[in-house]
Amino acid sequence: MKILICDAFDPSLPAKLARFGEVTEDVSRLGEADVALVRSKTKCTAEWMEKAPNLKLIIRGGVGLDNIDLKAAEARGIQVRNTPEASSVAVAELAMALLLALANPLIQGHLGMKEGKWLKKELKRRELFGKTLGLLGIGRIGNEVARRAAAFGMKIEAYDPYVEKHDLVKLVSLEEMVSAADFISLHVPLTDQTRGMVNADLISRMKDGVGIVNTCRGGVIDEEAVASALESGKIGGYATDVWLSDPPDPSSPILKAPNTVMLPHIGASTKENLLRIGEIIERILEEFAGK
């Protein structure tokens, strides 16, 4: 078995996978690979798969599969697996960090101190305690965010058409969720139904000054609508780790919008998460090799 590691995983992974066969990180050897390991950087298009005649398995280290042409993979008989359970804690902790950054002007205060400014009167904080957090999606990551937000004393409501009951959060309609939330955290996959879901119409039904955290996919928001709402103050702050592309197009209106906290897609990049991903990849390969 020839295993090609296309993207950045924990450095210990090649040695751990050596028991399954030859492991290489030389992407020019795609044509020899039986198995390809990818994260979000590599785009597994139909054209990419055509360059891999021996490919039988793609493992996506992470949750979303929107960088893989699933129809093309099925047509070529290529299995596609991912590791959704590995990343929940890492992404949830980052979502909470971004939520705290929206409520507390940490970046502005830090930069002010570096510049010799004492912005004690200028910087205003908000408490999360008692505020309503709306979760758009209550899957693995949404669940982890809910647990952490509950510890902060937040009221938590969630909209998820695929979940009928939940022990921790109050399940409500989309209309109820967006109208009640002081903060909204996005946790849905990018599909035809969710693409551009946070648009001008949905934003118009939100509270004035709402804070939005996005750690799922950049395509879930309408960038122009969010940027316009940030300019007007309808959205009080937007914190994101995800973009339409990695890196984002320099013309993205979010890059120039006010009241933003922006990160370069690092939600799943903790040491612990990469190790968990590696463990799950080993289990997948054991199953694959045993067939």
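The values are calculated or read from the model by the stated rules, or taken from the named source; none is laboratory data. Note that the structure is a prediction, hence the values are computed from the model and not measured. Here the Cβ is made from the backbone with ideal geometry for all residues, glycine too, and neighbour counts use every protein chain on show.
Apart from one condition, Gly219 fits all of (1) small (Gly, Ala, Ser); (2) on the phi > 0 side of the Ramachandran plot; (3) part of a helix (DSSP H, G or I); the exception is (2). When Leu65, Leu102 are checked against the criterion of being of a type in the set (A, V, I, L, M, F, W, C), within 30 Å of Met1 (Cα to Cα) and either at pLDDT below 95 or in a helix (DSSP H, G or I) (or both), a single residue qualifies: Leu65. Here Leu99 meets each of (1) of a type outside the set (Val, Ile, Thr); (2) buried (at least 18 other Cβ atoms within 10 Å of the Cβ); (3) under 30 Å from Asp182 (Cβ atoms); (4) not assigned by TED's automatic domain parsing to the domain that holds Val210 with one exception, condition (4). Restricting attention to the range 181-217 and to residues that are of a type in the set (Ser, Thr, Tyr) and surrounded by 15 or more Cβ atoms within 10 Å (Cβ to Cβ), the residue that is farthest from Gly267 (Cα to Cα) turns out to be Thr194. Among the residues of the range 82-92, the one identified as out of contact with any Gly (no Cβ under 9 Å at 6 or more places or on another chain) and buried (at least 17 other Cβ atoms within 10 Å of the Cβ) is Val89. Considering only the range 34-46, I want to know if a residue exists there that is in contact with a Leu (Cβ under 6 Å, 6 or more places away or on another chain), more than 30 Å from Ile156 (Cβ to Cβ) and either crowded, with 19+ Cβ neighbours inside 10 Å or of a type outside the set (Phe, Trp, Tyr) (or both). Checking the range 34-46: at least one residue is in contact with a Leu (Cβ under 6 Å, 6 or more places away or on another chain), more than 30 Å from Ile156 (Cβ to Cβ) and either crowded, with 19+ Cβ neighbours inside 10 Å or of a type outside the set (Phe, Trp, Tyr) (or both).
Close contacts from the range 143-164, counting a first residue that is closer than 18 Å to Thr194 by Cβ and touching a residue at least 12 places away in the same chain (Cβ under 8 Å) and a second that is exposed (fewer than 15 other Cβ atoms within 10 Å of the Cβ) and of a type outside the set (D, E, K, R), with Cβ to Cβ under 7 Å and a gap of 6+ residues or different chains, come to Tyr159/Ser173. Say whether the condition of being in a loop (DSSP other than H, G, I, E, B), touching a residue at least 60 places away in the same chain (Cβ under 8 Å) and over 25 Å from Ala289 (Cβ atoms) is met by at least one residue in the range 19-39. No, every residue in the range 19-39 fails to be in a loop (DSSP other than H, G, I, E, B), touching a residue at least 60 places away in the same chain (Cβ under 8 Å) and over 25 Å from Ala289 (Cβ atoms). Here the condition is being modelled with pLDDT of 95 or more and farther than 26 Å from Arg126 by Cβ; of Arg205, Arg283, it holds for Arg283 alone.
As a summary of the residue check, Ala72 satisfies the conditions (1) under 29 Å from Thr194 (Cβ atoms); (2) touching a residue at least 12 places away in the same chain (Cβ under 8 Å); (3) within 21 Å of the chain's Cα centre (by Cα) except for the one numbered (3). Would you check if there is a residue in the range 121-129 being within 28 Å of Cys6 (Cβ to Cβ), touching a residue at least 12 places away in the same chain (Cβ under 8 Å) and of a type in the set (Lys, Arg)? No, every residue in the range 121-129 fails to be within 28 Å of Cys6 (Cβ to Cβ), touching a residue at least 12 places away in the same chain (Cβ under 8 Å) and of a type in the set (Lys, Arg). Test Thr240 against the stated conditions and say whether it is under 21 Å from Glu93 (Cα atoms) and crowded, with 21+ Cβ neighbours inside 10 Å. Criteria met by Thr240.
Every residue, every condition in (1) closer than 25 Å to Asp208 by Cα; (2) of a type in the set (Ser, Thr, Tyr); (3) in a helix (DSSP H, G or I), yes or no:
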position	(1), (2), (3)
Pro84	no, no, no
Gly109	yes, no, yes
Gly112	no, no, yes
Gly116	no, no, no
Phe129	yes, no, no
Ala150	yes, no, yes
